[in-house]
1. Which number in (1) among the polar types (S, T, N, Q); (2) in contact with an Asp or Glu (Cβ under 7 Å, 6 or more places away or on another chain); (3) in a strand (DSSP E or B) marks the one condition that SER261 misses?
2. Can you find a residue that is touching a residue at least 40 places away in the same chain (Cβ under 8 Å), β-branched (Val, Ile, Thr) and closer than 23 Å to PRO361 by Cα anywhere in segment 285-302?
3. Consider SER106 carefully, then state whether it is more than 15 Å from the chain's Cα centre (by Cα), assigned to a loop (DSSP other than H, G, I, E, B) and at pLDDT below 50.
4. Looking at segment 308-319, which of its residues are surrounded by fewer than 21 Cβ atoms within 10 Å (Cβ to Cβ) and in a strand (DSSP E or B)?
5. Restricting attention to segment 171-197, which residues are in contact (Cβ under 8 Å) with a residue 60 or more places away in the chain and part of a helix (DSSP H, G or I)?
6. Considering segment 328-342 alone, what residues qualify as being surrounded by fewer than 21 Cβ atoms within 10 Å (Cβ to Cβ) and in contact (Cβ under 8 Å) with a residue 24 or more places away in the chain?
7. Only one residue in GLU161, GLU200 is out of contact with any Pro (no Cβ under 9 Å at 6 or more places or on another chain), over 18 Å from LEU236 (Cβ atoms) and outside any loop (DSSP other than H, G, I, E, B), so which one is that?
Amino acid sequence: AFVGYTASDLGLGGWSRAVSLAGKAEDSMRNGMRCTSSLLQRAMARCSSVCPHPPRRSSLLSSSQDPSQKLYSRQRLADPLSPLAIRKFSCPPPQRSLGTSSVPCSHSIEDAQHAMKINDLETCVKILSELSSQEKFALDPQAQSMLCTSLIWLDRRDKAEQAIANAVSRGVWKHAMQRPLKFFPELESAPFPDASKFPEVQEGLQVMQSMGEQLLEEMQTDVFLCKAHTEAAEGLQDPGGGLWTYTKVNTTGLFEVNFPSVRRFLLRLQKQTKLRVVGAGVSTIYPGCNIRPHCGPSNRCWDVHLGISVPEPTSCYLNVAGESRGWKEGELLLFDDSYEHSVVHRGKLPRTILDVIIVHPMLQDRSFSLSEI
């Protein structure tokens, strides 16, 4: 990663390629993997081809157009590699820190997302506070939702409530507890929607309930035999707590191999009901895991949870907009995840549910994918 950043610091042709190599190395290191020697060799080779005799850093920094500024806003320098880079080039790349007053830095939503993902909440709040001084970000649900959530996670409730109130007063959202990254005010909803107000949803849930009861034992067998669980990457868990895994079952081939019963369930559900299923996943929360308060990406969809394995119904529960409900095996739980919600697990055994994402009933005649929601 250090070599890649050095290449970008040259500021000459091939900058975008160096950025790409640095990004790959950074991703590898962030995911806990050792940066491969081949990747470093490629980065070094690129450096040599771009500039065998690099210019002095002072001449680069004098330019008003410094394309490497974006890199420094996501600085991830690996000190042990510094001597290698110094030997390769006549001058080492500058050590810049995010947010220092001496270096102009152009932040972006992506920078804040990265900081939030790695639980660097102070940096996330700082970036979003700076962005919020611009009108387009002050009215952007994504920026404001991330800012409010980060403040809540930092236990700065007073500042979070103030930020939420300001956003609601500006029309970013209509409800203080409903703060999705994409908000469509015309859609009617509630933390736990009343399915009886939407006949197609009520009918679909009844069919889903009966099918779930029939397939429950088979689902339990599939889930516990499946080795494809991957740890959720959203960074929503309390740091240092228990494990949370979420395996998407709507990815091509995944559920066909590992979850045949879930595949049959989803296919039958879409054939026999008017529910628009746009995604699904198997979620397992292990003892000691608490999912921090957050809001979903959009209010265009609802979540339906089917309890697969809930050995301790009273020890693990979902809280949506201040109201708590638990799961039960073979039973459904409908909620709108665009409202602030969290999960607490105080039991001693894992809890597993099937999460089915359906399109909001007021949008049943619209055609779009989950990524567009």
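1. Failing condition for SER261: (3).
2. Step one: of segment 285-302, the residues touching a residue at least 40 places away in the same chain (Cβ under 8 Å) are 285-302.
Still in the list and also β-branched (Val, Ile, Thr): 285, 291.
Add one more test, that the residue is closer than 23 Å to PRO361 by Cα, and what stays is none.
Among the residues of segment 285-302, not one is touching a residue at least 40 places away in the same chain (Cβ under 8 Å), β-branched (Val, Ile, Thr) and closer than 23 Å to PRO361 by Cα, which makes the answer no.
3. Numbers: more than 15 Å from the chain's Cα centre (by Cα): yes; assigned to a loop (DSSP other than H, G, I, E, B): yes; at pLDDT below 50: no.
Spelling it out, it is not the case that SER106 is more than 15 Å from the chain's Cα centre (by Cα), assigned to a loop (DSSP other than H, G, I, E, B) and at pLDDT below 50.
4. Of everything in segment 308-319, those that are surrounded by fewer than 21 Cβ atoms within 10 Å (Cβ to Cβ) and in a strand (DSSP E or B) turn out to be SER309, TYR317, ASN319.
5. Passing the criteria: only ALA195.
6. Initially, segment 328-342 is screened for residues surrounded by fewer than 21 Cβ atoms within 10 Å (Cβ to Cβ), giving 328-334, 342.
Across segment 328-342, the qualifying residues are GLU329, GLY330, GLU331, LEU332, LEU333, LEU334, SER342.
7. Numbers: GLU200 fails: out of contact with any Pro (no Cβ under 9 Å at 6 or more places or on another chain).
Going through GLU161, GLU200 in turn, the sole match is GLU161.
The values are calculated or read from the model by the stated rules, or taken from the named source; none is laboratory data. Predicted model only: the values in this text are computed from it and were never measured. We place every Cβ from the backbone using ideal geometry, glycine too, and count neighbours over all the protein chains shown.
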